[in-house]
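Everything below concerns the one structure shown next.
The values are calculated or read from the model by the stated rules, or taken from the named source; none is laboratory data. Everything numeric here is computed off the predicted structure, so don't read it as measured data. Cβ coordinates were reconstructed from backbone atoms using ideal geometry, including for glycine residues, and neighbour counts include every protein chain displayed.
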Amino acid sequence: METIEPISLRTSSPSQWAKTRMQRARGEPLFIADWDRVLMIHFRVDAKRLQHDVPFELDLWDDRAFVTLVAFTMRGMRPAFGGCLTSWVFWPIATHDFLNVRTYVRMGGDEGIHFLAEWVSSRLALALGPRTFSLPYRIGRIDYRNDWRLGALSGRVEDAATDAVFSYQAKLEGGADCSECQRGSLDGWLMERYSAFNSAHDRKKYFWVWREPWRQCKAWVDISNATSLVAEWTWFTQAELIGANYSPGNQAVWLGRPHRIKSSCPSLH
C-alpha cells in the first residue's frame with residue numbers, strides 16, 4: 001500500500017493539501033455544506049483507557065490523548081453535482097444541529113479524527129449516517145444559542161433515549177477577533193483535521209473533507225452538566241478540560257465519499 005506523507009510534515013498548509021488531494025481524486029467531493037457557529041471544547045484524557053474504545057491507533061500530542069466536543073449547526077447540505085435539481089432531494093436533512101465527540105487517530109500515514117459519538121437533531125439523518133458513512137449517530141434534543149455577536153454562548157443536548165444531558169455556557173476571550181491557528185500549535189493540531197476514520201456496526205469507513213482553515217478565537221467554557229458523557233465513558237470522569245475555540249463557521253465545506261476500510265489500510269492518494 002502506498003502511504004501519504006503526514007500533514008504535519010508537508011510544506012503546504014493542511015487545508016491546501018487536503019483540497020489538492022480531493023481535487024485529484026475521482027468523484028470528490030460528494031456533498032457541500034456550511035458549518036455554522038462552531039464551538040470546540042477540548043479535554044485531555046487517559047490514553048490507555050481511551051484506546052479501549054477506539055478501533056484505530058490514537059494520534060498523540062506529547063504522548064497525551066485528547067477528546068473534543070464539537071457543537072455546531074450544519075446548513076444547506078447538498079450534492080456537489082446537479083445543482084437545484086438534486087439539492088431539493090436533501091432538503092429534509094439539509095440543516096440540523098450536531099454534538100460530535102471526537103478523538104484523534106492515525107491510519108495509513110494520515111492524521112485524522114474518529115467519532116466516538118454524534119448526537120444529531122434529525123431522525124432522518126439518524127437513519128442514513130450509520131449506513132452510509134459508518135457514523136455513530138444518536139438522536140438528541142438540541143438547543144444551541146451560540147450567537148457570537150452577543151459574545152455569550154450556551155447549549156443543551158439531551159439524549160432522546162436516556163434523557164441524559166450535556167450542557168455548557170461559554171464566553172469569548174477578548175471579543176470575537178478571530179484568526180487562523182498558529183501552525184505548530186496545539187490548537188492547530190486539534191482543529192485542522194481533514195480525514196475521518198469511522199466505525200459503526202462493525203463497518204469501518206473513512207472519508208475526506210476540505211474547508212478553509214478555521215478562523216477562531218479562544219473561549220472560556222463552563223460545563224454545567226455532563227451526565228450523557230459520564231454515562232457513556234467512565235474515563236470521562238477524569239477528563240481534564242484544557243480549553244475551547246469558537247469559530248463563526250465555514251461556508252462551502254467539501255464532504256467526501258465514504259470508502260470502506262478493508263483488512264489493510266486505505267490508500268490515501
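Computed quantities for the displayed model
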quantity: Residue in the range 215-222 that is aromatic (Phe, Trp, Tyr) and assigned to a loop (DSSP other than H, G, I, E, B) present; calculated: no
quantity: Residue under evaluation residue 82, criteria (1) modelled with pLDDT of 95 or more; (2) farther than 19 Å from residue 115 by Cβ; (3) not in a helix (DSSP H, G or I), criterion not met; calculated: (1)
quantity: Matching option when the condition is crowded, with 21+ Cβ neighbours inside 10 Å and of a type outside the set (Ser, Thr, Tyr), among 161, 226, 196, 200; calculated: 196
quantity: Verdict on residue 149 being surrounded by 21 or more Cβ atoms within 10 Å (Cβ to Cβ) and in contact (Cβ under 8 Å) with a residue 24 or more places away in the chain; calculated: no
quantity: Candidate set: the range 34-61, residues that are outside any loop (DSSP other than H, G, I, E, B) and β-branched (Val, Ile, Thr); chosen: the one surrounded by the fewest Cβ atoms within 10 Å (Cβ to Cβ); calculated: 45
quantity: Pair list, Cβ under 9 Å, 6 or more apart: the range 122-140 residue closer than 18 Å to residue 55 by Cα and surrounded by fewer than 21 Cβ atoms within 10 Å (Cβ to Cβ), other residue among the hydroxyl-bearing types (Ser, Thr, Tyr) and modelled with pLDDT of 85 or more; calculated: 130/137; 136/199
quantity: Condition broken by residue 163, with the remaining ones in (1) modelled with pLDDT under 95; (2) more than 25 Å from residue 104 (Cα to Cα) satisfied; calculated: (1)
